[in-house]
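Structure record follows, encoded as C-alpha coordinates.
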Amino acid sequence: MDRLATLDLFIRIVDRGSFSAAAAACGVSRPVATAAIKALESRLGTWLLQRSTRHVRPTVEGAAYYRRCIAILADLEDADRNAGGAVSGVLRVDVVGYLARTVLLPALPDFLARHPALTVHLGEGERFVDLIREGVDCVVRAGALADSDMVARPLGVMEEVTVASTDYLAQHGMPATPEDLEGHQMIGFVSSRTGQPLPLEFTRGDEVIEVMLPTRLLVNGAETGAAAARQGFGLVQAPRYRFIDDFANGTLIEVLADFPPTPTPLSVLYPSNRQLSPRVRVFVDWVMEVIGPRLHPGA
(Lines give C-alpha, C1' and ligand atoms only; values in the text may rest on other atoms or scores of the structure.)
Protein backbone atom coordinates (compact mmCIF):
# COMPACT_ATOMS: atom_id res chain seq x y z
CA MET A 1 0.00 0.00 0.00
CA ASP A 2 1.23 3.53 -0.71
CA ARG A 3 1.75 6.01 2.09
CA LEU A 4 -1.56 7.87 1.79
CA ALA A 5 -3.53 4.63 1.55
CA THR A 6 -1.80 3.41 4.70
CA LEU A 7 -2.72 6.60 6.55
CA ASP A 8 -6.35 6.16 5.46
CA LEU A 9 -6.25 2.54 6.63
CA PHE A 10 -4.81 3.54 10.01
CA ILE A 11 -7.56 6.15 10.51
CA ARG A 12 -10.24 3.59 9.72
CA ILE A 13 -8.75 1.05 12.12
CA VAL A 14 -8.85 3.59 14.95
CA ASP A 15 -12.37 4.68 13.97
CA ARG A 16 -13.79 1.17 13.84
CA GLY A 17 -11.60 -0.50 16.45
CA SER A 18 -11.09 -3.40 14.06
CA PHE A 19 -8.55 -4.47 11.46
CA SER A 20 -11.13 -6.53 9.59
CA ALA A 21 -13.73 -3.76 9.33
CA ALA A 22 -11.11 -1.21 8.26
CA ALA A 23 -9.62 -3.58 5.69
CA ALA A 24 -13.07 -4.21 4.20
CA ALA A 25 -13.75 -0.46 4.03
CA CYS A 26 -10.45 0.07 2.19
CA GLY A 27 -11.00 -2.86 -0.16
CA VAL A 28 -8.00 -4.88 0.99
CA SER A 29 -7.58 -8.17 2.82
CA ARG A 30 -6.95 -8.45 6.54
CA PRO A 31 -3.38 -9.77 6.00
CA VAL A 32 -2.58 -6.82 3.70
CA ALA A 33 -3.90 -4.38 6.31
CA THR A 34 -1.92 -6.05 9.10
CA ALA A 35 1.29 -5.98 7.05
CA ALA A 36 0.79 -2.32 6.15
CA ILE A 37 0.38 -1.23 9.77
CA LYS A 38 3.35 -3.31 10.90
CA ALA A 39 5.46 -1.64 8.22
CA LEU A 40 4.19 1.79 9.32
CA GLU A 41 5.02 1.13 12.98
CA SER A 42 8.44 -0.19 11.99
CA ARG A 43 9.18 2.93 9.93
CA LEU A 44 8.06 5.22 12.79
CA GLY A 45 9.84 3.16 15.43
CA THR A 46 6.84 3.09 17.79
CA TRP A 47 3.68 1.14 18.51
CA LEU A 48 0.57 2.90 17.22
CA LEU A 49 -2.09 0.37 18.19
CA GLN A 50 -2.89 -1.80 21.18
CA ARG A 51 -4.35 -5.07 19.95
CA SER A 52 -6.61 -7.40 21.90
CA THR A 53 -8.88 -10.28 20.93
CA ARG A 54 -11.94 -7.98 20.96
CA HIS A 55 -10.78 -4.49 20.15
CA VAL A 56 -8.01 -2.34 18.76
CA ARG A 57 -7.15 0.96 20.46
CA PRO A 58 -4.52 3.58 19.71
CA THR A 59 -1.57 4.00 22.02
CA VAL A 60 -0.75 7.50 23.30
CA GLU A 61 1.58 7.91 20.32
CA GLY A 62 -1.04 6.39 18.04
CA ALA A 63 -3.74 8.82 19.19
CA ALA A 64 -1.46 11.78 18.46
CA TYR A 65 -0.54 10.31 15.06
CA TYR A 66 -4.24 9.72 14.33
CA ARG A 67 -5.05 13.40 14.88
CA ARG A 68 -2.21 14.44 12.58
CA CYS A 69 -3.36 11.97 9.91
CA ILE A 70 -6.90 13.38 10.03
CA ALA A 71 -5.54 16.90 9.52
CA ILE A 72 -3.16 15.85 6.74
CA LEU A 73 -5.81 14.05 4.68
CA ALA A 74 -8.32 16.87 5.17
CA ASP A 75 -5.72 19.43 4.09
CA LEU A 76 -4.90 17.31 1.04
CA GLU A 77 -8.56 17.20 0.04
CA ASP A 78 -8.78 20.97 0.44
CA ALA A 79 -5.64 21.47 -1.61
CA ASP A 80 -7.01 19.31 -4.43
CA ARG A 81 -10.27 21.21 -4.38
CA ASN A 82 -8.66 24.65 -4.33
CA ALA A 83 -6.41 23.63 -7.21
CA GLY A 84 -9.46 22.91 -9.30
CA GLY A 85 -9.83 19.26 -8.43
CA ALA A 86 -13.36 17.93 -8.13
CA VAL A 87 -14.85 16.84 -4.84
CA SER A 88 -14.73 13.09 -5.14
CA GLY A 89 -15.21 9.84 -3.29
CA VAL A 90 -18.14 8.40 -1.35
CA LEU A 91 -20.12 10.63 1.01
CA ARG A 92 -22.01 8.63 3.61
CA VAL A 93 -24.92 10.48 5.20
CA ASP A 94 -27.84 9.36 7.33
CA VAL A 95 -31.12 11.28 7.24
CA VAL A 96 -34.57 10.85 8.79
CA GLY A 97 -36.41 8.68 6.24
CA TYR A 98 -39.31 10.95 5.26
CA LEU A 99 -36.99 13.91 4.97
CA ALA A 100 -34.61 11.90 2.81
CA ARG A 101 -37.35 10.74 0.43
CA THR A 102 -39.48 13.87 0.13
CA VAL A 103 -37.06 16.77 0.67
CA LEU A 104 -33.53 15.74 -0.28
CA LEU A 105 -34.05 13.05 -2.90
CA PRO A 106 -36.02 15.27 -5.34
CA ALA A 107 -33.22 17.85 -5.25
CA LEU A 108 -30.36 15.34 -5.31
CA PRO A 109 -29.89 15.24 -9.13
CA ASP A 110 -28.79 18.89 -9.06
CA PHE A 111 -26.28 18.18 -6.29
CA LEU A 112 -24.81 15.20 -8.18
CA ALA A 113 -24.64 17.25 -11.38
CA ARG A 114 -22.56 19.85 -9.53
CA HIS A 115 -20.19 17.16 -8.24
CA PRO A 116 -19.95 14.41 -10.88
CA ALA A 117 -17.04 12.69 -9.12
CA LEU A 118 -18.98 12.30 -5.88
CA THR A 119 -21.12 9.31 -4.90
CA VAL A 120 -23.71 9.65 -2.13
CA HIS A 121 -24.54 6.74 0.18
CA LEU A 122 -27.90 7.89 1.59
CA GLY A 123 -29.02 6.02 4.67
CA GLU A 124 -32.29 6.69 6.43
CA GLY A 125 -33.23 6.24 10.03
CA GLU A 126 -34.13 7.88 13.31
CA ARG A 127 -31.88 5.90 15.64
CA PHE A 128 -28.67 7.17 17.15
CA VAL A 129 -25.76 6.64 14.77
CA ASP A 130 -22.17 6.23 15.95
CA LEU A 131 -20.64 8.17 13.07
CA ILE A 132 -17.05 7.19 13.76
CA ARG A 133 -17.58 3.47 14.29
CA GLU A 134 -20.09 3.13 11.43
CA GLY A 135 -18.05 5.20 9.00
CA VAL A 136 -20.79 7.80 8.44
CA ASP A 137 -19.63 11.30 7.45
CA CYS A 138 -22.61 13.22 8.81
CA VAL A 139 -26.26 12.88 9.83
CA VAL A 140 -29.28 15.15 9.56
CA ARG A 141 -31.42 14.94 12.68
CA ALA A 142 -34.47 16.68 14.10
CA GLY A 143 -35.04 17.63 17.72
CA ALA A 144 -33.05 18.96 20.64
CA LEU A 145 -29.55 17.55 20.61
CA ALA A 146 -28.01 15.80 23.58
CA ASP A 147 -24.54 16.82 24.70
CA SER A 148 -22.01 14.92 22.62
CA ASP A 149 -18.71 15.24 20.84
CA MET A 150 -20.55 16.02 17.61
CA VAL A 151 -20.48 19.40 15.89
CA ALA A 152 -24.07 20.52 15.17
CA ARG A 153 -24.73 23.01 12.39
CA PRO A 154 -28.31 24.34 12.54
CA LEU A 155 -30.31 24.01 9.33
CA GLY A 156 -33.43 25.76 10.62
CA VAL A 157 -36.58 24.85 12.51
CA MET A 158 -39.61 22.85 11.44
CA GLU A 159 -43.13 23.97 12.25
CA GLU A 160 -44.92 21.23 14.19
CA VAL A 161 -48.64 20.43 14.12
CA THR A 162 -51.11 18.20 15.94
CA VAL A 163 -53.31 16.09 13.67
CA ALA A 164 -56.01 13.45 13.77
CA SER A 165 -58.22 11.68 11.26
CA THR A 166 -61.76 12.78 10.47
CA ASP A 167 -63.13 9.47 11.77
CA TYR A 168 -61.27 9.87 15.06
CA LEU A 169 -62.56 13.43 15.53
CA ALA A 170 -66.10 12.38 14.65
CA GLN A 171 -65.91 9.87 17.50
CA HIS A 172 -64.04 11.93 20.10
CA GLY A 173 -64.89 15.51 19.15
CA MET A 174 -62.75 18.49 18.15
CA PRO A 175 -60.99 19.99 21.20
CA ALA A 176 -60.88 23.77 21.48
CA THR A 177 -58.11 23.99 24.10
CA PRO A 178 -55.59 21.55 25.61
CA GLU A 179 -57.88 21.28 28.63
CA ASP A 180 -60.50 19.67 26.34
CA LEU A 181 -58.31 16.63 25.68
CA GLU A 182 -59.79 14.53 28.48
CA GLY A 183 -61.22 11.41 26.87
CA HIS A 184 -58.88 11.63 23.88
CA GLN A 185 -56.10 9.21 22.95
CA MET A 186 -52.67 9.73 21.47
CA ILE A 187 -50.35 7.61 19.41
CA GLY A 188 -47.39 7.13 21.74
CA PHE A 189 -44.08 7.96 20.07
CA VAL A 190 -41.35 6.14 22.00
CA SER A 191 -38.16 8.11 22.61
CA SER A 192 -35.04 6.33 21.37
CA ARG A 193 -33.14 7.82 24.34
CA THR A 194 -35.50 7.00 27.21
CA GLY A 195 -37.58 4.15 25.82
CA GLN A 196 -40.70 5.95 27.08
CA PRO A 197 -43.53 7.58 25.11
CA LEU A 198 -43.22 11.34 24.66
CA PRO A 199 -46.06 13.58 25.86
CA LEU A 200 -47.95 15.83 23.46
CA GLU A 201 -46.75 19.40 23.65
CA PHE A 202 -48.74 22.61 23.22
CA THR A 203 -47.86 26.29 23.60
CA ARG A 204 -49.98 29.10 25.01
CA GLY A 205 -47.98 32.29 24.65
CA ASP A 206 -44.67 31.62 26.39
CA GLU A 207 -46.12 28.67 28.31
CA VAL A 208 -45.37 25.11 27.20
CA ILE A 209 -48.03 22.58 28.17
CA GLU A 210 -47.23 18.86 28.18
CA VAL A 211 -50.13 16.43 28.04
CA MET A 212 -49.80 12.66 28.42
CA LEU A 213 -52.89 10.93 27.05
CA PRO A 214 -53.86 7.25 27.14
CA THR A 215 -52.50 5.28 24.22
CA ARG A 216 -53.35 1.89 22.77
CA LEU A 217 -50.52 2.05 20.25
CA LEU A 218 -46.82 2.78 20.78
CA VAL A 219 -44.52 3.41 17.81
CA ASN A 220 -40.85 4.28 17.37
CA GLY A 221 -41.04 5.46 13.76
CA ALA A 222 -42.54 8.72 12.55
CA GLU A 223 -43.88 7.13 9.36
CA THR A 224 -45.74 4.49 11.36
CA GLY A 225 -47.12 7.20 13.64
CA ALA A 226 -48.46 9.17 10.67
CA ALA A 227 -50.00 6.05 9.15
CA ALA A 228 -51.60 5.18 12.50
CA ALA A 229 -53.13 8.67 12.68
CA ARG A 230 -54.71 8.12 9.27
CA GLN A 231 -56.21 4.90 10.63
CA GLY A 232 -57.80 6.77 13.53
CA PHE A 233 -55.64 5.55 16.42
CA GLY A 234 -55.44 9.01 17.98
CA LEU A 235 -53.65 12.35 18.00
CA VAL A 236 -50.09 12.63 16.76
CA GLN A 237 -47.60 15.48 16.42
CA ALA A 238 -45.03 15.86 13.64
CA PRO A 239 -43.60 18.51 11.29
CA ARG A 240 -46.20 20.22 9.11
CA TYR A 241 -44.44 19.32 5.86
CA ARG A 242 -45.15 15.66 6.54
CA PHE A 243 -48.92 16.21 6.26
CA ILE A 244 -49.25 18.57 3.29
CA ASP A 245 -50.91 15.91 1.12
CA ASP A 246 -53.13 14.74 4.00
CA PHE A 247 -54.42 18.27 4.55
CA ALA A 248 -55.05 18.70 0.83
CA ASN A 249 -57.12 15.51 0.50
CA GLY A 250 -58.79 15.72 3.92
CA THR A 251 -57.27 12.52 5.31
CA LEU A 252 -56.05 14.35 8.40
CA ILE A 253 -57.15 17.56 10.10
CA GLU A 254 -55.06 19.94 12.15
CA VAL A 255 -56.10 20.03 15.80
CA LEU A 256 -55.55 22.85 18.31
CA ALA A 257 -53.93 25.10 15.70
CA ASP A 258 -53.96 28.00 18.19
CA PHE A 259 -51.78 25.94 20.57
CA PRO A 260 -49.01 24.60 18.32
CA PRO A 261 -46.16 22.43 19.55
CA THR A 262 -42.80 24.17 19.83
CA PRO A 263 -40.88 24.17 16.53
CA THR A 264 -38.33 21.39 16.09
CA PRO A 265 -34.75 22.31 15.24
CA LEU A 266 -33.08 20.53 12.35
CA SER A 267 -29.32 20.10 12.36
CA VAL A 268 -26.51 18.38 10.52
CA LEU A 269 -23.98 16.68 12.78
CA TYR A 270 -20.43 15.53 12.14
CA PRO A 271 -17.57 14.44 14.44
CA SER A 272 -15.85 17.23 16.32
CA ASN A 273 -12.47 15.49 16.08
CA ARG A 274 -12.57 15.76 12.30
CA GLN A 275 -11.86 18.74 10.13
CA LEU A 276 -14.83 19.45 7.91
CA SER A 277 -13.95 17.63 4.69
CA PRO A 278 -14.80 19.14 1.29
CA ARG A 279 -17.33 16.34 0.75
CA VAL A 280 -19.21 17.18 3.93
CA ARG A 281 -18.84 20.93 3.39
CA VAL A 282 -20.46 20.90 -0.07
CA PHE A 283 -23.24 18.61 1.21
CA VAL A 284 -24.02 20.86 4.19
CA ASP A 285 -24.05 23.96 1.99
CA TRP A 286 -26.40 22.25 -0.46
CA VAL A 287 -28.75 21.02 2.27
CA MET A 288 -29.04 24.58 3.58
CA GLU A 289 -30.00 25.71 0.07
CA VAL A 290 -32.85 23.24 -0.34
CA ILE A 291 -34.16 22.73 3.17
CA GLY A 292 -35.99 26.06 3.67
CA PRO A 293 -38.36 26.05 0.70
CA ARG A 294 -38.99 22.31 1.04
CA LEU A 295 -39.89 22.48 4.74
CA HIS A 296 -42.03 25.61 4.35
CA PRO A 297 -43.94 25.16 1.09
CA GLY A 298 -45.70 28.32 -0.01
CA ALA A 299 -43.60 30.50 2.30
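Surface exposure of the chain, expressed per residue as accessible area with a 1.4 Å probe, stands at 52 Å².
Would you tally the net charge around R230, using a Cβ to Cβ cut-off of less than 10 Å, leaving R230 out, and scoring K and R as +1, D and E as -1? That sum, taken over residues with Cβ under 10 Å, equals -2.
From helices alone, the chain scores -11500 deg cm²/dmol at 222 nm; the rule is -39500 (n - 2.57) for each run of n ≥ 4 DSSP H residues, then divide by the residue total. Distance between the modelled labels on A227 and A5, one decimal in nanometres: 4.5 nm (7 Å Cα→Cβ projection).
For the pair W47 and A117, label points projected 7 Å from Cα toward Cβ lie 4.0 nm apart.
The simple Förster model, with R0 at 41 Å and r as the Cβ-Cβ distance, assigns L108 and D206 a FRET efficiency of 0.55. State the answer as a single residue: which of L169, P116, I13 lies farthest towards the positive end of the charge dipole of the chain, with beta carbon charges of +1 for Lys and Arg and -1 for Asp and Glu, about the Cα centre. Of L169, P116, I13, it is I13.
Which whole-number percent gives the relative contact order of region 150-299, counting Cα pairs below 8 Å spaced six or more residues apart?
Contact order relative to length: 40 percent.
When the Cα positions of C26, L155, A107 are compared along the charge dipole of the chain, C26 comes out farthest toward the positive end, with charges on each C-beta of Lys, Arg, Asp and Glu. Averaging the Cα positions of each part gives two centres, and for region 158-205 and region 24-58 these lie 53 Å apart.
I want to verify a result. In a Gaussian network model of the chain, Cα cutoff 10 Å, which of these has the top mean-square fluctuation: G232, G156, G45? It is G45. Which percent, nearest 5, of DSSP beta bridges in the chain are antiparallel? The antiparallel proportion sits near 70 percent.
FRET efficiency for Q196 and H55, Cβ-Cβ distance as r, R0 = 22 Å, nearest 0.05?
0.10
Give me the distance between the Cα centres of region 224-244 and region 1-16, rounded to whole Å. Taking the Cα centre of each part, region 224-244 and region 1-16 sit 45 Å apart. For the chain, the longest principal axis of the C-alpha atoms and the axis of helix 3-16 are separated by about 40°.
Based on the Cβ-Cβ distance of A39 and V90, what FRET efficiency does E = 1/(1 + (r/R0)^6) give at R0 = 22 Å, to the nearest 0.05? With R0 = 22 Å, the Cβ-Cβ based efficiency is 0.25.
Solvent-accessible area of the chain (1.4 angstrom probe, protein heavy atoms only): carbon and sulfur portion equals 52 percent.
Mind putting a number on the dipole of the chain about its Cα centre? Charges go on the C-beta only, +1 for Lys and Arg and -1 for Asp and Glu, and I need it in Debye to the nearest 20.
Rounded to the nearest 20 debye, it is 1740 debye.
The mean sequence separation of alpha-carbon pairs under 8 Å and at least six residues apart, normalised by the residue count of the chain, gives a relative contact order of 22 percent.
The values are calculated or read from the model by the stated rules, or taken from the named source; none is laboratory data. Predicted, not measured: the structure shown is a model, and the values here were computed from it. For neighbour counting, all protein chains shown are included, and Cβ atoms are generated from backbone atoms with ideal geometry for every residue, glycine included. Surface areas here come from the heavy atoms of the whole protein model, side chains and all, with no ligands, DNA or RNA. Shrake-Rupley method; radii C 1.70, N 1.55, O 1.52, S 1.80 Å.
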